[in-house]
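This report refers to the structure that appears directly beneath it.
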Protein chains: 4
Amino acid sequence: MEAMARTTETGPAAVDEAVRAVRVSSRRRQILDAAVRVMQRTGFHQMSMQALADEAQVSVGLIYKYFGGKEDVLLGTIVGILDAFQDMLEPAMAGAGDDPVERFAAGFRRYVEIVDENLDAVVLTYRESRTLTPAGRARIKELEISTAAPLRDALAGAIRAGAVGEVDVDLVTFDAMMLAHAWALKRWHFSPRWSLGDYCAAQLRLLLGGLIVPEHAPRYAHLLG
Amino acid sequence: MEAMARTTETGPAAVDEAVRAVRVSSRRRQILDAAVRVMQRTGFHQMSMQALADEAQVSVGLIYKYFGGKEDVLLGTIVGILDAFQDMLEPAMAGAGDDPVERFAAGFRRYVEIVDENLDAVVLTYRESRTLTPAGRARIKELEISTAAPLRDALAGAIRAGAVGEVDVDLVTFDAMMLAHAWALKRWHFSPRWSLGDYCAAQLRLLLGGLIVPEHAPRYAHLLG
Amino acid sequence: MEAMARTTETGPAAVDEAVRAVRVSSRRRQILDAAVRVMQRTGFHQMSMQALADEAQVSVGLIYKYFGGKEDVLLGTIVGILDAFQDMLEPAMAGAGDDPVERFAAGFRRYVEIVDENLDAVVLTYRESRTLTPAGRARIKELEISTAAPLRDALAGAIRAGAVGEVDVDLVTFDAMMLAHAWALKRWHFSPRWSLGDYCAAQLRLLLGGLIVPEHAPRYAHLLG
Amino acid sequence: MEAMARTTETGPAAVDEAVRAVRVSSRRRQILDAAVRVMQRTGFHQMSMQALADEAQVSVGLIYKYFGGKEDVLLGTIVGILDAFQDMLEPAMAGAGDDPVERFAAGFRRYVEIVDENLDAVVLTYRESRTLTPAGRARIKELEISTAAPLRDALAGAIRAGAVGEVDVDLVTFDAMMLAHAWALKRWHFSPRWSLGDYCAAQLRLLLGGLIVPEHAPRYAHLLG
DNA sequence: AATGAATGAGTATTCATTCAT
DNA sequence: GATGAATGAATACTCATTCAT
């Protein structure tokens, strides 16, 4: 059996390579997950590498095997969060049917939910971006734009379908994203008074209120309240 | 001569007191202004007290006569910025006439302008708030709310006047504030494509588009595009 | 009196300046002296800044006010040693009379004596030079050359006076310096069997034996043994 | 087959032993050669075991199978260099004929040549000796003495032969060694001005000038210039 | 009021060494 | 024999804060 396993077409070296890649990836994840937890408690600047090592249950030295330094951990953390956004948003919108307005609404709701599940991570994105090198910042910006792409597409679809008038797709998408982020950025203001569902419904009402062309309004009455 | 100066009607102690208050205030301002400049360059955490002292042209020790410590300088800086917002917003709205919708629009435009004049300071507010003590954070929150009060009042007036339907005043005010802040927070995205005027106009169109009741719409055609 | 002192042509600022310069210089000396002691015990690389601070009876931070870093302390130490050489060699030779051969002999003896008084410092010069930046190394080389200048001059004088034949002044000076340094570099070999005086006498005999022209030899019989 | 291999006359264990000894020796050499190369580039303290492993094309762990630790590598390196000196010096002198003065001169020339071929290794000997344990240092000292033995013997022979007067053999040998080392230690001073041959000739002239008794001088005119 | 010399705790990073595989 | 992942102690350097003058 062992011999057989070693004589597949990829060969033993390839297998070892793969095993190693998995281990590297899992170690990185282990450290990044710990980093999110520590930064939620203390912020990036207050996080000592020792504290991170303790939280991740590894030695300080090992962190430097997987990351170039503290800032690289920060970049990895933020990128990880944004990746998670991207991975979660599209499926939710895919399950919302064909109507582009409904898709946009479902996307927005999901976006806010994901924000709610990653409150501190979102705040982190705003707080610590400037700490990154220009290259790191550029990467973050790209990711943020591509994260919102499904929302942008749905909105463009709604305009093509005639349900929404001619508006600046980019601006509206950005506004939607900002208002989703606001749930995290200003939760000290909203959270005591608003439930997540109410917040989404109210914001969607405001967003769509000025966009939906009057003759299509009845069909979206459940969104426009 | 010295004796004469000390025999004015308010009494020498009072004069000294006043002189001292002015000097204290001017020294504080001198240091806070320097702090804004340094933080714009380097961020709060990178700013050393020595660098602040150099920029403010005073000695390190003197900073500790006027502030409790580094964090107190940060609090003072943020409060100073929010104070400036408050001082500048109300006059601008007062000069916009009686129509509450026009006042709101004028207020929003001015708000974005002030953001534009204090880009780094606004970002600072988001980046460094968590560095503050809970007491400091609470103070900031209050100030942020009271800063937006004129906008809130105008919107409430518009509803009372029947120009705007029944909406959640607080939410809309917050959205407006967020979108104004977004000009600073996301300027890497907007600034290359949008002028300040276009940004204000487009955002106002979206905000008001869903709010103005149809029969009043013609009167605000210049705002709704 | 005080007033008078303050109204000399240099003025109070200049006085303060001078006071400060003295303090800076004394602090530097205090730290450099400690550095020599610690490096003698442990070598440069083993010397921790904390250990240096303890030895110098100052705080770690203060060292960084007076030196750019650890390597700067090393440079300062070596330069200090070479300066001491220069300050001590010339007076000794000046007191040795007019005969250039006698001057050379006296200079060599003094050189070895100074080496003997700074055994570890000399070794340090050989051991740690490479640790320095190119600029630092260049400075050391210059100093080493100028340190040996009095010996070189005496030898050149001896040649002009006809007491010594035409030899390469530079080479002989360098050899003399090397053999003086050898007293420190190889003291594990010499020190048990040779006294300082015997070592000097023997080396001088070898050095001068081949140099002095035969007809002058009688005059220097006490040197040639 | 395996059984056959195990029944040679020396016995299987002995063969394995021999094979192992060769391999051990070759691995040691592989690592030591790499160590010389790395230390020439960076010095001992800057050399990380990882860098050494990379240069030697082995894993870090393997180094610890052949050496007790980093310092043991250093000791091995220095010993290796001194061994090489010993192995190379004697043959060169053997080929120089029977005249002891000629042998001494040939030995000195060869010594400087070997120094020239191992410039950094020689400097290493001076720089890093103190890093060793007392036991290691003692070993180095012994080796250095035995390395110079052929020179010492030739000089003693020259005295016995009456070509050189009664001088301290040990001191002269040491001086010769120092001046050979100086070619490495002070190459920044000599190398731009002197060729290796000129340096050897000039130093030999100085060394022998005071030693050769006048009546033998004509025979060594080619050495005394 | 004002200075700036002095402190020393805090921290990112490196690297010799070990050991499970 | 050979690997290299993992460890964690060691250390140069920074900087907020104090205090004698």
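Quick note: the coordinates plus some simple rules give every number you see, no bench work behind them. Only a predicted model underlies this, so the values are computations on that prediction, with no experimental measurement involved. Note that each Cβ is placed from the backbone with ideal geometry, even for glycine, and that neighbours are counted across all protein chains shown.
Note on the protein assembly as shown: percent of Cα-Cα distances in each 10 Å bin, starting at 0 and stopping at the bin with the largest distance, equals 2, 9, 13, 14, 12, 11, 11, 10, 8, 6, 3, 1, 0, 0. Taking C:48, C:26, C:146 in turn, the Gaussian network model of chain C (Cα-Cα springs below 10 Å) assigns the largest fluctuation to C:26. With the helix formula -39500 (n - 2.57) applied to DSSP H stretches of n ≥ 4, chain C reaches a computed 222 nm mean residue ellipticity of -24000 deg cm²/dmol.
Both the radius of gyration and Dmax for region C:122-183 are 14.1, 44 Å, in that order, over alpha-carbon atoms. Taking other C-beta atoms within 10 angstrom as a stand-in for reagent exposure, A:125, B:77 fall in the order A:125, B:77, fewest first. Computed over the Cα atoms of region C:10-67, pair by distinct pair, the Kirkwood hydrodynamic radius stands at 12.3 angstrom. The calculated pair-distance distribution of region D:159-209 uses every alpha carbon pair, bins of 10 angstrom beginning at 0, and gives 22, 48, 22, 8 percent. Comment: the Cα-to-Cβ extended label point of residue D:90, at 7 Å, lies 5.3, 7.6, 10.2 nm from its counterparts in the other copies, nearest first.
In 5 Å bins starting at zero, report the fraction of Cα pairs in region B:74-155 per bin as a rounded %. Bins of 5 Å from zero give 3, 16, 26, 22, 15, 11, 5, 2, 0 percent of pairs.
In nanometres and ascending order, the distances from the residue D:205 label point to those of the other copies are 2.5, 9.5, 10.7 (point 7 Å from Cα along Cα→Cβ). Using Cα springs under 10 Å in a Gaussian network model of chain B, which residue among B:192, B:100, B:214 shows the largest mean-square fluctuation? In the Gaussian network model the winner is B:192. Averaged over the residues of peptide B:204-210, the number of Cβ atoms from other protein chains lying within 10 Å of each residue's Cβ is 5. Axis between B and A by rotation; chain B residue with nearest Cβ and distance in whole Å recorded as B:210, 2. Once you divide the Cα radius of gyration of region B:70-212 by 2.2 N^0.38 Å, the number left is 1.06.
Checking the Cα-Cα distances for C:186/D:186; A:70/B:141; C:186/D:141; C:141/D:141 against a 20 Å cut-off, the pairs over it are A:70/B:141; C:141/D:141.
With R₀ set to 41 Å, the beta-carbon distance separating residue C:21 from residue C:141 gives a calculated FRET efficiency near 0.90. Summing charges over neighbours of residue A:45, with a neighbour being any other residue whose Cβ is under 13 Å away from its Cβ, gives +3 when K and R count +1 and D and E count -1. At a Förster distance of 35 Å, what's the computed FRET efficiency of residue D:186 paired with residue A:65, Cβ-Cβ distance as r, to 0.05? Efficiency at R0 = 35 Å is approximately 0.20. Across the identical copies, the label point of residue C:166 (7 Å from Cα in the Cβ direction) is separated from its matches by 3.7, 10.0, 11.9 nm, in order from shortest.
Taken along the Cα-to-beta-carbon direction at a fixed 7 Å, the label points for residue B:133 and residue C:29 span 4.7 nm. Counting every other Cβ atom within 10 Å of each residue's Cβ, B:45, D:181, B:216, C:222 order from fewest to most as C:222, B:216, B:45, D:181. For the residues of C:164-171, the average number of beta carbons from a partner chain within 10 Å of their own beta carbon is 3. Arranged from fewest to most other beta-carbon atoms within 10 Å of their beta carbon, D:39, A:49 become A:49, D:39.
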